[in-house]
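The values are calculated or read from the model by the stated rules, or taken from the named source; none is laboratory data. Given the structure is predicted, the values throughout are model-derived calculations rather than measurements. Here Cβ is always computed from backbone atoms with ideal geometry, including for glycine, and neighbour counts include all displayed protein chains.
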Amino acid sequence: DGGITQSPKYLFRKEGQNVTLSCEQNLNHDAMYWYRQDPGQGLRLIYYSQIVNDFQKGDIAEGYSVSREKKESFPLTVTSAQKNPTAFYLCASSEMDGNIQYFGAGTRLSVL
Amino acid sequence: KQEVTQIPAALSVPEGENLVLNCSFTDSAIYNLQWFRQDPGKGLTSLLLIQSSQREQTSGRLNASLDKSSGRSTLYIAASQPGDSATYLCAVRRMNTGFQKLVFGTGTRLLVSP
């Protein structure tokens, strides 16, 4: 069953804590993306990666970090430097041209 | 800077009605435009992709049109059903050197009542 798996579905962060959101795809896609979605706003790009061991900042990268050690995995760490992390986080993947992106089911992050 | 706006923000219609969702963008230099559907608490599902050289695309009861010069796209849903209830987002792919990013609109939340 091909697709994108995000985990966990819900995540809670304490003050000053780093948390990592998982994203795995078995579509053999080269490119992967992380978006943040806030109520009443469109999706905003955090980071993207077009190839293993390479990634680029999106429009709102501050307070986040990523790695791309394997083609199928693109974890996102929300660091303590991100002062307003409460949001819905979506991971996506696509072929290299990025024309059609396939999305995971999302992770909802809240602050305790 | 490309900005994408969707009007209305929310729409409620009775089952069976035909309806139109609107998407406007400020920079007409786009590569393509895409319409997505998002169910509550879920990811996005691509509905229709229109290349910049195309005027419209159809899939079942859905028809999307694109007028690049005026910076507008519409999503027409025929004979709406309660199962169509969801948030609909449009996104444009910018003409960039190198990687072409998606810029999303804020979405229209649609409720179709039985």
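Name the single residue that is modelled with the lowest pLDDT among those in region A:1-48 being farther than 11 Å from A:Y89 by Cα and aromatic (F, W, Y).
The qualifying residue modelled with the lowest pLDDT is A:F12.
Of all the residues that make up region A:47-75, how many are part of a loop (DSSP other than H, G, I, E, B) and either touching a residue at least 60 places away in the same chain (Cβ under 8 Å) or at negative phi (or both)?
Looking only at that region, the number is 13.
Is it fair to say A:L27 is more than 8 Å from chain B (Cβ to nearest Cβ), within 26 Å of B:T87 (Cβ to Cβ) and surrounded by 18 or more Cβ atoms within 10 Å (Cβ to Cβ)?
Spelling it out, it is not the case that A:L27 is more than 8 Å from chain B (Cβ to nearest Cβ), within 26 Å of B:T87 (Cβ to Cβ) and surrounded by 18 or more Cβ atoms within 10 Å (Cβ to Cβ).
Checking A:R44 against (1) under 21 Å from B:T45 (Cβ atoms); (2) charged (D, E, K, R); (3) assigned to a loop (DSSP other than H, G, I, E, B), which single condition isn't satisfied?
It fails just one condition, (3).
Can you tell me which residue within region B:63-114, out of those that are touching a strand residue (DSSP E or B) at 6+ places or on another chain (Cβ under 7 Å), of a type in the set (G, A, S) and free of Cβ contacts under 8 Å to residues at least 60 places away in the same chain, is farthest from B:A29 (Cα to Cα)?
This residue is B:S85.
Within region B:90-114, track down each residue that is part of a loop (DSSP other than H, G, I, E, B) and at pLDDT below 90.
B:M95, B:N96, B:T97, B:G98, B:F99, B:Q100, B:K101
Residues of region B:33-49 being surrounded by fewer than 21 Cβ atoms within 10 Å (Cβ to Cβ) and farther than 18 Å from B:D84 by Cβ, which ones?
B:L49
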